[in-house]
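Q: Below is one structure. I have some questions about it.
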Amino acid sequence: MFFIIMSIILMFSTIYLLLKLVLYKKELNNIRTQLQKYNKRFSNKKVDLTLINKNIEHLGIEINKLIDTHTQIYSQYKKVELNKKQEIEFMSHDLRTPLTSMLGYVQMAKDPHITENERLALIDSTKNQGERLEVLINDFFELSIIDSVDYHLNLDAINIKNVLQEIIISYYDQFKFKEIEPFIELPQQKVEIIGDLSAVTRVLENIIANVIKHSEGDVNISLKEEKTKIVVITENNAPNLNQGNVNQIFNRFYMVDRSRLGYGSGLGLSIAKRFMEKMNGEIYAQLKNGRISIFCEWYK
């Protein structure tokens, strides 16, 4: 009798273990099928479990964590690829314009029927477009350096009032040539920020050069020390801008007719934005009553 009972117990135990093994195998096949679909990009779903078992459940959790990580990496990869594609399109668009003009001027200069003065004027135009092309290439190169992982700034205390004054003075001839008398508002006291001197200088040079290039009337340049931040503000007329594209002037991938807009041509503002981000600062633009203001803010 004892052996009969033991045999029955052993049989049911064996059946239970076999059933459990079959269920495990089925669940593992289910997980494998889901992973195959995920790997073939047929599905973005996470792994679903039908068997209630701690070991299988823990396996599913770890697999789903891996899926989350892979999804994030893949998303970042696609974003980088899209940015690279946009950058190539942007570079092609911007470099093609002066290059096409140069080729056109050269072709016109070869005309034997034009006067010597006309030929010299075409040579000057070719030179100007060549210089514009050089600036664009240098800007693209500088942006690539700033965006690199190995690029680091040396942050230190800087007297931004002195830096701003020196830059404004250095642009005296350009202001005079454009017949602009800027209204400059600086505090009496010393004003310090934490930043990289070269980067701060480049930011201020870029926003002031942009103001001179695109201003149509008076220009205001001010430095303000507030409770939590130091702010440099430039303000000028911008009749061709609207609220929809004003914040895009810092975006190097913004494909619009920037010459028609009359603002944001070139990469100077994009470079300024990258430098401000590297210094944990902020740069943004506001449009009000046909006038654009650019704010550069360093937090205390």
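Q: Taking residue 144 as the residue in question, decide whether it is within 23 Å of the chain's Cα centre (by Cα) and of a type in the set (Ser, Thr, Tyr).
A: Taking the combined requirement at face value, the residue satisfies it.
Q: Can I ask one more? I want to confirm something. Restricting to segment 225-245 and keeping residues that are in contact (Cβ under 8 Å) with a residue 60 or more places away in the chain and within 23 Å of the chain's Cα centre (by Cα), which single residue is surrounded by the fewest Cβ atoms within 10 Å (Cβ to Cβ)?
A: Restricting to residues being in contact (Cβ under 8 Å) with a residue 60 or more places away in the chain and within 23 Å of the chain's Cα centre (by Cα), the top hit is 231.
Q: Only one of these is of a type in the set (A, V, I, L, M, F, W, C) and at pLDDT below 85: 246, 232, 219, 200. Name it.
A: 246
Q: Looking at 113, 93, which one is of a type outside the set (A, V, I, L, M, F, W, C) and without any contact (Cβ under 8 Å) to a residue 60 or more places away in the chain?
A: 113
Q: Where residues in segment 116-167 are at pLDDT 90 or above and of a type in the set (Ser, Thr, Tyr), which of them is surrounded by the fewest Cβ atoms within 10 Å (Cβ to Cβ)?
A: Among those that are at pLDDT 90 or above and of a type in the set (Ser, Thr, Tyr), it is 125.
Q: Of the residues 198, 222, which single one is within 27 Å of residue 146 (Cβ to Cβ), polar (S, T, N, Q) and surrounded by 16 or more Cβ atoms within 10 Å (Cβ to Cβ)?
A: Selected residue: 222, the only one of 198, 222 that is within 27 Å of residue 146 (Cβ to Cβ), polar (S, T, N, Q) and surrounded by 16 or more Cβ atoms within 10 Å (Cβ to Cβ).
The values are calculated or read from the model by the stated rules, or taken from the named source; none is laboratory data. Given the structure is predicted, the values throughout are model-derived calculations rather than measurements. Here Cβ is always computed from backbone atoms with ideal geometry, including for glycine, and neighbour counts include all displayed protein chains.
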